[in-house]
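Some notes on the structure that comes next.
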Amino acid sequence: MNRSLAIGLTLAVLTGCAQPKLPQESFYRLSDSTSVPPAGAPLDGTLVVPRFLSDGLLSERPVVYTLTNSPQKLQQYNYHFWIESPSRMIQELTVDYLRTANLAPRVVTPEFRTPGDYELTGKIKRFEQVRGRPARAVVTLEFGLYRVRDGRLLYLETHEKSIPLDDEDVGRATAALGVAVQQILAGLVEDISAL
């Protein structure tokens, strides 16, 4: 009986050691703004950009993907994460981009506690890798620009960008998502400059 127990324990230990190694976790950030054409400060005061709104899976840190043959089903990777929530990362990238574009004399987040003359709200509607054929990265953002003194809505528009991908590599997909956000921001600056 003792011998069977010893053999059983030895086998249990050996099978436990034979488990495959878990994949290493990977963390991604959105790339900084590259070339930003100047807008020439079409807004004549302080622009406040709050954290972007997002629902469900898009408010969490795991990278989200969908399959081309099942576009309604969103899934999260187990080992691929954003360094912060997409709502925070896109807010920060937007502030940096609009500052560099000189859209307003001051572009700040609410944490600066600076009274704003304008407020730019944003909502993340899609921010995902699409796996399958054709593979791509898709971003859909909705923006609203308000003038604070009278609450007037000056701009309301939804922008979508889709970047084709050669493969399903998560690192390339997250880089493409960053490029898509920057292309959307370029369109936003162009639209606001034309108001």
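Values for this structure:
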{"quantity": "MRE, 222 nm, helices only [DSSP H, n ≥ 4, -39500 (n - 2.57), over the chain, to nearest 500]", "calculated": "-10000 deg cm²/dmol"}
{"quantity": "Residue exposure sequence - Ile83, Ile90 - by fewest surrounding Cβ within 10 Å", "calculated": "Ile83, Ile90"}
{"quantity": "DSSP-assigned coil residues among trypsin sites (Lys or Arg not before Pro) in region 89-129, each with at most 14 further Cβ atoms within 10 Å", "calculated": "Arg113"}
{"quantity": "Percentage relative contact order, the chain, counting C-alpha pairs under 8 Å, at least six apart", "calculated": "23"}
{"quantity": "Trypsin sites (Lys or Arg not before Pro) restricted to DSSP loop in region 140-183 with at most 11 other C-beta within 10 Å", "calculated": "Arg149"}
{"quantity": "Computed over region 26-193, Kirkwood Rh from alpha-carbon pairs, angstrom", "calculated": "16.4"}
{"quantity": "Normalised contact order of region 25-111, rounded percent, pairs of Cα under 8 Å and 6 or more residues apart", "calculated": "48"}
{"quantity": "For Leu141, Leu154, order by how many other beta-carbon atoms lie within 10 Å, fewest first", "calculated": "Leu154, Leu141"}
{"quantity": "Under the span-like rule (Cα at least 27 Å along the axis, Kyte-Doolittle mean at least 1.0), DSSP H helices of the chain", "calculated": "170-193"}
{"quantity": "Coil-residue GluC sites (Glu not before Pro) of region 80-168, DSSP, other Cβ within 10 Å capped at 16", "calculated": "Glu84, Glu168"}
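Values in this text are rule-based calculations from the coordinates and carry no lab data. All figures in this text were calculated on a predicted structure; none of them were measured in a lab. As a convention, Cβ positions derive from the backbone with ideal geometry for all residues, glycine included, and neighbour counts pool all protein chains shown.
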